[in-house]
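Here the structure is laid out as structure tokens; the discussion comes afterwards.
The values are calculated or read from the model by the stated rules, or taken from the named source; none is laboratory data. Since the model is a prediction, treat every value here as computed from it, not as a measurement. Cβ sites come from the backbone with ideal geometry, for glycine too, and all protein chains shown count toward neighbours.
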Amino acid sequence: MQNFELTSSMLTMGGAFYPTGYVFAMFPRLEDAQQVVSQLPQDNPEKPTLLLSDKNVLDSLPHTTVAADIPLPSVGAKGASVRQFVELASQGHCALMVYASKAAESEAVMAVIRRLPFSCAKKYRTLVIEDLS
């Protein structure tokens, strides 16, 4: 597991937050997120699981909603998802980003996440943000 650092690979060409292939899940308690990490299958060294504190979310993601809403508010879920993440982070929630590009991987990740209280979970697929909550 690594701490979060926003990179260009997590953004669309326009700068909106869109980490394709990742499950982005938020938790009310850091301890629950850490427990999920300990129960997940081994990390992919090229795409490690990332832990985001509430501060990481609040410092890194809000500015990406501007890109998601240009020239008009997004019809899709890019901006709405980030606004939800920011709202939860403002209440102290933390997040995990787990690379799970295949459906079976996503379901395995969610099987672990669902064992503990979580706030929301979304899968960023090509052109689709899937609500896994």
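Before moving on, here are some points about what is shown:
- Residue that is surrounded by the fewest Cβ atoms within 10 Å (Cβ to Cβ) [pool: residues in region 103-131 that are modelled with pLDDT of 95 or more and assigned to a loop (DSSP other than H, G, I, E, B)]: P117
- Scanning region 78-97 turns up no residue that is touching a residue at least 12 places away in the same chain (Cβ under 8 Å), under 18 Å from T49 (Cβ atoms), hydroxyl-bearing (S, T, Y) and buried (at least 16 other Cβ atoms within 10 Å of the Cβ).
- Test: residue in region 37-45 that is charged (D, E, K, R) and either over 16 Å from Y99 (Cβ atoms) or more than 15 Å from the chain's Cα centre (by Cα) (or both): yes
- Among residues of region 1-27, those that are over 18 Å from F85 (Cα atoms), part of a loop (DSSP other than H, G, I, E, B) and in contact (Cβ under 8 Å) with a residue 12 or more places away in the chain, counted: 2
- Of the helices (runs of 4 or more DSSP H) contained entirely in region 28-69, those carrying at least 1 residues that are buried (at least 19 other Cβ atoms within 10 Å of the Cβ) and at pLDDT 90 or above fall at 30-39, 54-60.
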